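The values are calculated or read from the model by the stated rules, or taken from the named source; none is laboratory data. All of these numbers come straight from a predicted model, not from anything done at the bench. Please note: Cβ atoms are built from the backbone with ideal geometry, for glycine as well, and neighbour counts cover all protein chains shown. Only protein heavy atoms, including side chains, enter the accessible area calculation; ligands, DNA and RNA are left aside. Shrake-Rupley method; radii C 1.70, N 1.55, O 1.52, S 1.80 Å.
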Amino acid sequence: MNNYKILISKNSGFCMGVKNAFKKSIEIGNMNQNTILLGDIVHNRFAIKQIIESGLIVDENIDSIINNKAIKNVIIRAHGVSPEIEKQLRESKKNIYDLTCPIVKKVQLLTKKLSNENHEIIIFGKLNHPEVIGIQGYASSNFIIISNTSDAENINRNLLNPVLISQTTMNSKEFIQISTILKEIFPHLTIYNTLCNNTIKTQEYAIKLSHEVDLMIVIGDKKSSNTISLYNKVKENIETIFVEDIQDIDIALFKNKNRIGLAGGSSTPDYQIEKIKKFIESLETVT
Ligand code: SF4
């Protein structure tokens, strides 16, 4: 019996911040009842299911959490929260488990410092993204959110002391384009590159692997933006399929192929990748 050679791309699966938040959340959920996780841990239904099975309740409604006396513990996920939300939770005497990713925390503290120095803070990020909502809370009211190059071109040109920062997971090419546009408008602009290079590294490793295999499989939730962009990058190089579970795999695509590459986004739990790997290992090669 001939089996497929399976290669898993380096860096596949949860990034450092999510891995830490996920592991600790499950531990806290197993040990404590009446514990709330403040919003989905990642955009991945398998990971969310595991969180709920550990006994945690996922909720984002601060008022209902604060007013619910039965809730004793609140977990802050890797995206972090604004200082105002943290203050409200502390005043309500809940136990807080702050699992904000240290890289996000650094951006929050940088924002606070820049705001105290009276800079206008331009945040390159997605409107209403939880990480951006948290960061903007550290900027008092002195911030502008831009999400693309068109927002940068149309920015209010009367800013006196602007600085540029970014949501950690934004696209690096777009950050450079936006920096160039803003530097032309504000020659004295100071740029802080606050991107996290985890996403870039994951994409680089997957692209490298795509040159060594016959077919790539990108694994994750089809609503996860980091996994979608991983898929889009990889498929530029080789035939690639995007799967959530084994039923998404069309075995006909394996015909005349021997080496299969697997890559997961930073919101994909290891066991989702492992499940796909085991399934392919159980198949005989098709010629
Ligand atoms: S992508 Fe980077 S900044 Fe965001 S949670 Fe993961 S490690 Fe932290």
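In the stretch 189-206, the qualifying residues are those that are within 15 Å of the ligand (Cβ to nearest atom), in contact (Cβ under 8 Å) with a residue 40 or more places away in the chain and crowded, with 20+ Cβ neighbours inside 10 Å, and the one that is nearest to Gly13 (Cα to Cα) is Thr202. Within the stretch 236-259, residues that are at pLDDT 95 or above sit with their Cβ atoms under 9 Å from residues that are among the basic types (Lys, Arg) and open to solvent by less than 70 Å² (accessible area, probe 1.4 Å), at 6+ positions apart or across chains, in these pairs: Glu239/Lys257.
For a quick check of your reading: which helices (runs of 4 or more DSSP H) sit entirely within the stretch 1-114 and have at least 1 residues that are touching a Pro at 6+ places or on another chain (Cβ under 6 Å) and within 16 Å of the ligand (Cβ to nearest atom)? Even if it seems obvious, please write down each step before you answer.
Numbers: elements: 16-31, 45-53, 62-67, 83-91.
Helices (runs of 4 or more DSSP H) meeting the threshold: 45-53.
Residues in the stretch 115-137 that are open to solvent by 30 Å² or more (accessible area, probe 1.4 Å), closer than 22 Å to Ala78 by Cα and of a type outside the set (A, V, I, L, M): Lys126, Asn128, His129, Pro130, Gln136, Gly137. Within the stretch 220-246, how many residues are assigned to a loop (DSSP other than H, G, I, E, B), more than 16 Å from the ligand (Cβ to nearest atom) and under 18 Å from the mean Cα position of the chain (by Cα)? Of the residues in the stretch 220-246, 3 are assigned to a loop (DSSP other than H, G, I, E, B), more than 16 Å from the ligand (Cβ to nearest atom) and under 18 Å from the mean Cα position of the chain (by Cα). Ser140 passes every criterion in (1) within 13 Å of the ligand (Cβ to nearest atom); (2) open to solvent by 10 Å² or more (accessible area, probe 1.4 Å); (3) not in a helix (DSSP H, G or I) apart from (1).
Look through Lys208, Lys201 and report the one residue that is within 17 Å of Val18 (Cβ to Cβ) and of a type in the set (Lys, Arg).
None of the other options fit; the residue is Lys201.
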